[in-house]
Amino acid sequence: MLRVAVVGGGISGLTAAYRLRRELGGQAVITVCESTGELGGKLHTAELAGMPFDVGAEAFLARRPEGVVLAGDLGLSDELVHPSGASATVRAGGATRPLPSGTVMGVPSSAEALTGLLSEEGGRTAASEPQLPRLELPPGDLSLGALLRGRFGDELVDRLVDPLLGGVYAGGADGLGLRATLPAIADAIDDGAGSLTEAAARQIPEKPSARPVFATLTGGLQTLITRLTEEAKPMLRLGEPVRALARRPEGGWRLSFGAATESHAPADSRLDVDAVVLAVPAPAAAKLLADEVPAAAAAFAGVELASMAVVALALPPGTELPKNSGVLIGATERRADGRPFTAKAFTFSARKWAHHAPPGAPVLVRGSVGRFGDTDGLRADDEELARLVRADLTELTGITAEPVDVLVRRWGGGLPQYGVGHVRRVADIRAALAGVPRLAVAGAALYGVGIPACIATAHAAALHVVGR
């Protein structure tokens, strides 16, 4: 009877437990260890004005198969829904403008893609990028921000690229690496594209795909967590941080819980297993691997984290929202009084998702706060943070209605930063773990922060520890 411990009870850990159950059958003892008192990680569905509302991740990429396939495997296909089709906007140069098409994470495929977004000077600078000396990337990685600013100028980065990246990583271009965040652009340059504009153009299909980009579940994404737990049937150890991970002389692994030292630990503070999957944030992985796989620990230690918060607002029924699905806000944008915005984005959920807009219901809006390296807004307590976000909403939309319900959810260290050299860092982790039996890692610190990428790492980790 194989005994497996999965450390981490988020989407990665529970998907790994689910896959392990499918591979090993009903006799295996699978234990999910989660340091907090609840499962789900950054998939958290709360109740807002009596309706289920996601205050962590709100959707996943539907054009990657992993999320859609997993939902189908779990019998949730009927709950899958896609956005309404309302277009997004971006606050740029003091005005709210349509989010341009024809770009790859803000990198334009042509000068026309940026029409109306930049100043005349900024537009000329960006349009001249294809005429710059032929672009050749140096060995290794480089700062995405430095590259884009050097080729397109600051305006494109500040007004478009940073707001888009802020929604994915809670970080800006200057702190992120090219090869992990825009691998298709890097590959196109490696394959001969002489400019970033040409590299982006190679990624834009001639005919737009009819397939929806995003999907979510009508009952909230935590439905995935509930169903995975039901199917995986794990033993649960909640609220007990794993303190240490050590190889056992006779084979397998020992997990130690709590604050006691090993020599004075009670028997129930230890768990002996045959295999381990670590599906935890990078700092926790670095700590647990420090003694047994120091090279992997060192690589994980290089991954920095950004904190953020979600402020969910239920406005009175009948409140008129803009016609768009939401608005992104760059770090350099200012309110009319000269102060920076606290929010980095708003999702007009009642516009974006039809299931959030039943007749006569409160009007749901979601504000996001927090950028890597800038925690000023997050220092406010919940009441003040909600007030600041509401003031931003008024500035952007004119809405002054008093909410009928407000919910603030904070995510300390919620998003890993894919800094310069991240691809190499992950390769070092893989190489260090390659010769270690029945130990694998999964999660957002590896190949992507989105739900489908996390699911993919979980499947791979589960298969690895069972020898496939």
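Here are the numbers for this structure:
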read-out	value
Cut-off under 5 Å, modelled amide H: who pairs with THR319 long-range	VAL363
Sequence ranges 32-39, 433-440, ranked by mean other-Cβ count within 10 angstrom, highest first	32-39, 433-440
Total formal charge among the other residues, if their Cβ is under 13 angstrom from that of GLY239, Lys/Arg +1 and Asp/Glu -1	-2
Other-chain or far-sequence residues with amide H under 5 Å of PHE214's (modelled H)	ALA62
Length gained when the stretch LEU238-THR115 is fully extended (0.36 nm per residue, less Cα-Cα span)	39.1 nm
Burial order of peptide ranges 99-107, 206-214 (average beta-carbon count within 10 Å, highest first)	99-107, 206-214
Under 25 Å from the Cα of LYS233 - lysines, other chains or at least 8 residues apart	LYS42
Karplus 3J(HN,Hα) series, Hz, for region 293-302 with 6.51 cos²θ - 1.76 cosθ + 1.60 (x for Gly, Pro)	9, x, 5, 5, 4, 5, 5, 4, 5, x
Note, ³J(HN,Hα) from phi for region 244-254, Karplus 6.51, -1.76, 1.60, rounded to Hz, x at Gly and Pro	8, 10, 9, 6, 8, x, 8, x, x, 9, 10
Helix 382-397 axis, angle to the chain major axis (alpha carbon atoms, nearest 10°)	30 degrees
In sequence order, calculated HN-Hα J values of region 13-26 (Karplus, 6.51, -1.76, 1.60; Hz; x Gly/Pro)	x, 6, 5, 4, 4, 4, 5, 4, 4, 5, 7, 9, x, x
Sum of side-chain charges, SER325 neighbourhood, beta-carbon under 12 Å (Lys, Arg +1; Asp, Glu -1)	+3
Ranked packing of 152-163, 293-304, most packed first, by mean Cβ within 10 Å	152-163, 293-304
Built amide H within the under 5 Å cut-off of GLY414, gap 5+	ALA306, SER307, MET308
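Any read-out appearing in this document is the output of simple, stated calculations on the displayed coordinates, not a laboratory observation. If you're wondering where the values come from, they're calculated on a predicted model, not measured in any experiment. Neighbour counts run over all protein chains shown; Cβ positions are idealised from the backbone, glycine included.
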